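One structure below.
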Ligand code: FES
Ligand code: FES
């Protein structure tokens, strides 16, 4: 039996609350209860990174996180990266590097990259490669994605 419970948390900088079923994942809560389609369901097993979000500043696979565990947390999704009417510099780097093809993996890649890119820290290409190991892309061959994240970190790729 699935019970309902109210959760309240910060979502992309706004305080929100919803009544959710205790059986739902964080990914389902974001997709269904908040109409946020950026984080995607692909493997559903923590293997592909398509559902990557940030919770309290740490990247998480939303497919593996219970919805009730969002309660009281600070949650960021790719939708929160918009700055006014424009793209975040990291998203710009993806566009400029040609790192987006079908785009299915892109929100998860961008959120994982956001986690890796700490202010003031430049990442080497190897650090970017290691940091994105949990994110799968079936289209790009990864090179352009890595170029984008290296460029966003301020290193020449
Ligand atoms: S859908 Fe969550 S890791 Fe693949
Ligand atoms: S751009 Fe298609 S899966 Fe990565």
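The values are calculated or read from the model by the stated rules, or taken from the named source; none is laboratory data. This structure is a prediction, so every number in the text was calculated from the model and none was measured. As a convention, Cβ positions derive from the backbone with ideal geometry for all residues, glycine included, and neighbour counts pool all protein chains shown.
Here are a few things to note about the model shown:
- Flag for residue 86 being more than 19 Å from residue 11 (Cβ to Cβ), without any contact (Cβ under 8 Å) to a residue 12 or more places away in the chain and over 16 Å from the mean Cα position of the chain (by Cα): yes
- Taking the criterion of being buried (at least 23 other Cβ atoms within 10 Å of the Cβ), outside any strand (DSSP E or B), within 12 Å of ligand 1 (Cβ to nearest atom) and in contact (Cβ under 8 Å) with a residue 40 or more places away in the chain, the residues of the stretch 41-80 that qualify are 49, 50, 51.
- Every listed requirement among (1) modelled with pLDDT under 95; (2) within 16 Å of ligand 2 (Cβ to nearest atom); (3) on the phi > 0 side of the Ramachandran plot is met by residue 49 save one, (1).
- Single residue of 101, 112, 28 found to be part of a helix (DSSP H, G or I), in the same structural domain as residue 142 (by TED's automatic domain parsing) and either out of contact with any helix residue (DSSP H, G or I) (no Cβ under 6 Å at 6 or more places or on another chain) or at pLDDT 95 or above (or both): 112
- Condition check for residue 38: touching a residue at least 60 places away in the same chain (Cβ under 8 Å), closer than 20 Å to residue 105 by Cα and not in a strand (DSSP E or B): yes
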